[in-house]
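What follows is calculated from the coordinates using simple rules that are stated; it is not laboratory data. Bear in mind that the values here come from a model prediction, so they are computed numbers and not experimental data. Note: ideal-geometry Cβ built from the backbone for every residue, glycine included; neighbour counts use all protein chains shown.
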Amino acid sequence: MIHFKNVSKIYLPHMVALENVNLIIKSKEFVSLVGSSGAGKSTLLRMLIGEEAPSMGEIIVGDVSINSLSNKEMPYMRRKIGTVFQDYKLLPTKTAYENIAFAMEVAGKDDMEIKEDVPQVLSLVGLEDKAKQFPYQLSGGERQRVAIGRALVHRPDILVADEPTGNLDPVNTWEVVNLLLKLNELGATVILATHDNSIVNNLERRVVLMEKGRVVKDDLKGKYLI
C-alpha cells in the first residue's frame, strides 16, 4: 500500500506545488493520475521515488516511511519501485539487451543472474527478437518497452509511469498501455500519470484528478473529460 498523508510541497519563496494531498493506493491497483501540466502529478511521483522530499506530511510505502530513509537506504527502496518516463532514458551506445543488463550490473547482480533474467524480461515485453538492436534501430514504442523492461529487472512491487506515451503514436501508445495492464495482472501496482484522456477513458480503472497541487476527484472507474 502507498499512503500520502497530508503531503505538501512548497518551492521557495512561495510556489505551492502540492497542497495537503491525502491519497491511498492499494497493492495491485492500477491508478491513472491525471490533470493538466503543472497540476502536481510529476512532483507527487518524484517524492514517491525519493527524488524530492515533501515540505510537510509523510509518504509511506508498505510499512516504511520514505521520509525517514537515509541516503544509503533510499536505493534499496527505489528497487521496489520501477520507473518509466516519457523520454525513455536509454543508453544510446548499448543494445536493448545491454540497456537492461546494465541496470542489473549497477545493482550488483552477477553474470549468471544477468544471463538468466534479461532474456526473460525481453520476452515479457515482447522484444526477444530485438535484443541486439540499438535504440536508434527501434521504434518509439519498442524503446519504451525496453525502458519498461529495465524497470522490471528488480521485480518491483510498484511501477510508476510518468507520461510514458507522450511521444508515441496511437498504435505504439496502446502497445505500451497493454503492457502496463499485463504487468498489473501479474501483481504490480501501476501508477500511470497521463494527460491523454483517450487512454484513461478506455481503461475504466481508478482515476485521480489533480488541479493546482490538490486531489480534486477520485473515482474507482473514472473518466477524464477535458
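Computed quantities for the displayed model
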{"quantity": "Flag for P156 being crowded, with 17+ Cβ neighbours inside 10 Å, assigned to a loop (DSSP other than H, G, I, E, B) and in contact with a Lys or Arg (Cβ under 9 Å, 6 or more places away or on another chain)", "calculated": "yes"}
{"quantity": "Scan of region 176-194 for residues that are buried (at least 18 other Cβ atoms within 10 Å of the Cβ), of a type outside the set (S, T, N, Q) and not in a strand (DSSP E or B), ordered by number", "calculated": "V176, V177, L179, L180, L183, A188"}
{"quantity": "Condition check for P119: within 17 Å of the chain's Cα centre (by Cα) and without any contact (Cβ under 8 Å) to a residue 40 or more places away in the chain", "calculated": "no"}
{"quantity": "Scope region 4-28; condition more than 16 Å from L209 (Cβ to Cβ) and under 16 Å from the mean Cα position of the chain (by Cα); matching residues", "calculated": "K26, S27, K28"}
{"quantity": "Residues of region 102-139 satisfying the condition of being within 24 Å of P75 (Cα to Cα), assigned to a helix (DSSP H, G or I) and of a type in the set (K, R)", "calculated": "K115"}
{"quantity": "Region 14-37, residues that are under 21 Å from L181 (Cβ atoms) and touching a Leu at 6+ places or on another chain (Cβ under 9 Å)", "calculated": "F30, V31, S32, L33, V34"}
{"quantity": "Residue match in region 82-99 (condition: touching a Gly at 6+ places or on another chain (Cβ under 6 Å), buried (at least 22 other Cβ atoms within 10 Å of the Cβ) and assigned to a helix (DSSP H, G or I))", "calculated": "no"}
{"quantity": "Pick from region 200-209, criterion at negative phi and in contact with a Lys or Arg (Cβ under 6 Å, 6 or more places away or on another chain), ranking: surrounded by the most Cβ atoms within 10 Å (Cβ to Cβ)", "calculated": "L209"}
{"quantity": "Flag if I24 is surrounded by fewer than 13 Cβ atoms within 10 Å (Cβ to Cβ) and part of a strand (DSSP E or B)", "calculated": "yes"}
{"quantity": "Yes/no for V215 being in contact with a helix residue (DSSP H, G or I) (Cβ under 6 Å, 6 or more places away or on another chain), surrounded by 21 or more Cβ atoms within 10 Å (Cβ to Cβ) and not basic (K, R)", "calculated": "no"}
{"quantity": "In region 111-137, residue farthest from P156 (Cα to Cα) [restricted to those that are hydrophobic (A, V, I, L, M, F, W, C), surrounded by 14 or more Cβ atoms within 10 Å (Cβ to Cβ) and out of contact with any helix residue (DSSP H, G or I) (no Cβ under 6 Å at 6 or more places or on another chain)]", "calculated": "F134"}
{"quantity": "Single match in V190, V200, V207 (criterion: under 19 Å from S27 (Cα atoms) and touching a Ser or Thr at 6+ places or on another chain (Cβ under 6 Å))", "calculated": "V207"}
{"quantity": "Residue satisfying condition, being in contact with a Lys or Arg (Cβ under 7 Å, 6 or more places away or on another chain) and closer than 28 Å to K217 by Cβ, within set I100, I49, I66", "calculated": "I49"}
{"quantity": "Selected residue (only one of V106, V61 is of a type in the set (A, V, I, L, M), in contact (Cβ under 8 Å) with a residue 60 or more places away in the chain and over 20 Å from K182 (Cβ atoms))", "calculated": "V61"}
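Each row is one residue, and each column tells you yes or no for (1) free of Cβ contacts under 8 Å to residues at least 24 places away in the same chain; (2) in a loop (DSSP other than H, G, I, E, B); (3) crowded, with 17+ Cβ neighbours inside 10 Å.
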position	(1), (2), (3)
F4	no, no, yes
N20	no, no, no
L33	no, no, yes
S36	no, yes, no
